[in-house]
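Single-structure report; data block below.
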Amino acid sequence: MILKTRLFGKTYEFRDLREVMAKANEEKSGDRLAGIAAQDAQERVAAKAVLAQITLKDLYENPAVPYESDEVTRIIQDGVSQTVYRRIRSWTVSEFREWLLRETTDGAEIRRVSRGLTAEMAAAVAKLMGNLDLVYAAAKLRVTAHCNTTIGLPGTLSCRLQPNHTTDDPDGVLASLLEGLTYGAGDAVLGLNPVDDSVESVRRILGRFDEVRRKWDIPTQTCVLAHVTTQIEAVRQGAPADLIFQSIAGSEKGNDAFGFRAETLEEARQLLLREGTCEGPNVLYFETGQGAELSSEAHNGWDQVTMEARCYGFAKKFQPFLVNTVVGFIGPEYLYDARQVVRAGLEDHFMGKLLGVPMGCDACYTNHMKADQNDIENLALLLTAAGCNYFMGLPHGDDIMLNYQATGFHETAALREIFHLTAIPPFQRWLERMGFWEDGRLTARAGDGSILLA
């Protein structure tokens, strides 16, 4: 590998591929916190120039964490099609980018090539792309998955109905559920983050979700986003679960910090395939977010975009139904402002789809970050243009339990109308049958949850 270049009369030389990848990254406060960011824009351009000439073979042979010491690396590299890899290994990152953006390269071709990619390759090419490049390339790709319904179909945009409550009060949760359903939220999943992470609480909430779904014959999936081991035990005790959730990281050490290993996820997957209440075969739900590995000192000195890409390479092994980056949740230490959040959301969505997982996005921010609701709506517009599978749906976009701001029930409905999209087809037919949607838009009945109680 050639790790130096001359730019504006100055020679820039980098120690190794890890430094090139970090300094080629668009500005992120997390990389600066880790002490690995480019010192200025000129050094960033120099690193990009070097990265452009790196081959995919170089990236394959230099994973972020050594194969021998990290199960995430082993899962990613063991899953690479060697036949496809041998065909593309001599490509430079620049050539890979040009191929992705070529007008004649379609989504089917990209999906075939993706079988020969590692996460580091996806991260590298993302670093050479502008925001519009990330939208354009991602829009070529559709990644579908099936639980009870099929997410990611062309012409659809879905929404996770997130009825979080500060005390898991059943009536409060139900009020949010019913309101969200009337706005067309919930076709991706009815998914609650519990305050009480006990098996008993998870069983109770899953039971309530199942009652709601059965009472109104709603074609969707249900999930309570407790720790994976808690959900496993709840299912073993008879809880009606369609999906099992877990936050994941891009290194074994990061997943240790989350309290699980790959074998735990496979145990969960096999359990739901045997005893879950869904059709399958896609029965897991993963969340990610740039900076998670740095926050647990599990990044191995690599930048947060590369570590995020590794989450998607890891996730692919388990054939998930839902994957989303919670893009602005960790805070300004990792993504300082709206510009960084928007960039990260576009990177994450592109990398996830490129690596073959069904990507959504929690377009969100915390109140101590330099961002606001307008910025998140801008990101949602860009991601809808990029073919994002789903967003979050919260009452007024305000999560009163997790204390962060995201997209509300209205945003997905508006985006569907603007882009001429629908919910997942069976759910869309339910909305029309219930009188909440007609002629491509919400009706006057939308927002009145009492209709479902009548």
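Results for (1) at pLDDT 95 or above; (2) touching a helix residue (DSSP H, G or I) at 6+ places or on another chain (Cβ under 9 Å), shown as yes or no for each residue.
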residue: ILE418; (1), (2): yes, yes
residue: LEU421; (1), (2): yes, yes
residue: ILE424; (1), (2): yes, no
residue: GLY435; (1), (2): yes, yes
residue: LEU452; (1), (2): no, yes
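Is it the case that LEU174 is among the aliphatic types (A, V, I, L, M), without any contact (Cβ under 8 Å) to a residue 40 or more places away in the chain and within 22 Å of THR443 (Cα to Cα)? Outline the logic, then answer.
Details: among the aliphatic types (A, V, I, L, M): yes; without any contact (Cβ under 8 Å) to a residue 40 or more places away in the chain: yes; within 22 Å of THR443 (Cα to Cα): yes.
For LEU174, the condition - among the aliphatic types (A, V, I, L, M), without any contact (Cβ under 8 Å) to a residue 40 or more places away in the chain and within 22 Å of THR443 (Cα to Cα) - is met.
Somewhere in region 158-170, is a residue in contact (Cβ under 8 Å) with a residue 24 or more places away in the chain and over 30 Å from VAL224 (Cα atoms)?
Taking region 158-170 and keeping what is in contact (Cβ under 8 Å) with a residue 24 or more places away in the chain, we get 158-168, 170.
The next check asks that each one be over 30 Å from VAL224 (Cα atoms); those that pass are none.
Scanning region 158-170 turns up no residue that is in contact (Cβ under 8 Å) with a residue 24 or more places away in the chain and over 30 Å from VAL224 (Cα atoms).
Given the residues MET351, MET401, MET434, which is the only one that is crowded, with 17+ Cβ neighbours inside 10 Å, farther than 24 Å from PHE286 by Cβ and hydrophobic (A, V, I, L, M, F, W, C)?
On the way: MET351 fails: farther than 24 Å from PHE286 by Cβ; MET401 fails: farther than 24 Å from PHE286 by Cβ.
The unique qualifying residue is MET434.
Using the structure shown, decide if LEU394 is in contact (Cβ under 8 Å) with a residue 12 or more places away in the chain, aliphatic (A, V, I, L, M), more than 24 Å from GLY356 (Cβ to Cβ) and touching a helix residue (DSSP H, G or I) at 6+ places or on another chain (Cβ under 8 Å).
Values: in contact (Cβ under 8 Å) with a residue 12 or more places away in the chain: yes; aliphatic (A, V, I, L, M): yes; more than 24 Å from GLY356 (Cβ to Cβ): yes; touching a helix residue (DSSP H, G or I) at 6+ places or on another chain (Cβ under 8 Å): yes.
Criteria met by LEU394.
Write out, first by first residue and then by second, each pair whose Cβ atoms fall under 8 Å of each other, whose residues are 6+ apart or on separate chains, and whose first residue, in region 265-291, is more than 22 Å from VAL327 (Cβ to Cβ) and surrounded by fewer than 17 Cβ atoms within 10 Å (Cβ to Cβ) while the second is at pLDDT 95 or above and β-branched (Val, Ile, Thr).
Note: pairs meeting the criteria are GLU267/ILE232; LEU273/VAL283; GLU275/VAL235.
Going residue by residue through region 360-375, is there one that turns out to be in a helix (DSSP H, G or I), farther than 23 Å from GLY186 by Cβ and either of a type outside the set (Val, Ile, Thr) or at pLDDT below 95 (or both)?
Among the residues of region 360-375, at least one is in a helix (DSSP H, G or I), farther than 23 Å from GLY186 by Cβ and either of a type outside the set (Val, Ile, Thr) or at pLDDT below 95 (or both), which makes the answer yes.
Return the residues of region 276-317 that are farther than 24 Å from VAL80 by Cα and within 14 Å of the chain's Cα centre (by Cα); say none if nothing qualifies.
GLY291, ALA292
When you look at VAL327, is it within 13 Å of the chain's Cα centre (by Cα) and either farther than 29 Å from SER81 by Cβ or small (Gly, Ala, Ser) (or both), yes or no?
Details: within 13 Å of the chain's Cα centre (by Cα): yes; either farther than 29 Å from SER81 by Cβ or small (Gly, Ala, Ser) (or both): yes.
For VAL327, the condition - within 13 Å of the chain's Cα centre (by Cα) and either farther than 29 Å from SER81 by Cβ or small (Gly, Ala, Ser) (or both) - is met.
If you scan region 313-330, which residues turn out to be open to solvent by 60 Å² or more (accessible area, probe 1.4 Å) and either of a type in the set (Phe, Trp, Tyr) or outside any loop (DSSP other than H, G, I, E, B) (or both)?
LYS316, PHE329, listed by residue number.
State which residue pairs qualify: first residue within 12 Å of VAL199 (Cβ to Cβ) and open to solvent by less than 10 Å² (accessible area, probe 1.4 Å) and inside region 217-234, second residue assigned to a loop (DSSP other than H, G, I, E, B) and modelled with pLDDT of 95 or more in any location, beta carbons under 6 Å apart, and separation of 6 or more residues or different chains.
VAL224/PRO194; ALA226/PRO194
Hey, can you tell me all the residues within region 1-50 that are at pLDDT below 95, open to solvent by less than 70 Å² (accessible area, probe 1.4 Å) and either within 22 Å of VAL327 (Cβ to Cβ) or in a loop (DSSP other than H, G, I, E, B) (or both)?
Across region 1-50, the qualifying residue is only GLY9.
So that you can scan it fast, the table gives a plain yes or no per residue for (1) of a type in the set (S, T, N, Q); (2) closer than 18 Å to ASP348 by Cα; (3) over 19 Å from the mean Cα position of the chain (by Cα):
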residue: GLU95; (1), (2), (3): no, no, yes
residue: LEU100; (1), (2), (3): no, yes, yes
residue: ASP106; (1), (2), (3): no, no, yes
residue: THR118; (1), (2), (3): yes, yes, no
residue: LEU134; (1), (2), (3): no, yes, no
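Mind checking which helices (runs of 4 or more DSSP H) fall wholly inside region 197-272 and carry at least 2 residues that are small (Gly, Ala, Ser)? Before you say what the answer is, go through the steps one by one.
Details: elements: 199-215, 228-236, 252-258.
Result: 199-215, 252-258.
If I go through region 240-251 residue by residue, how many of them are open to solvent by 10 Å² or more (accessible area, probe 1.4 Å) and over 19 Å from the mean Cα position of the chain (by Cα)?
Total meeting the criteria: 1.
The values are calculated or read from the model by the stated rules, or taken from the named source; none is laboratory data. The structure presented is a predicted model; accordingly, all values stated were derived computationally and were not measured. Heads up, the Cβs are rebuilt from the backbone with ideal geometry, glycines too, and the neighbour counts pull from every protein chain shown. Side chains included, ligands, DNA and RNA excluded: accessible areas come from the protein's heavy atoms. Shrake-Rupley method; radii C 1.70, N 1.55, O 1.52, S 1.80 Å.
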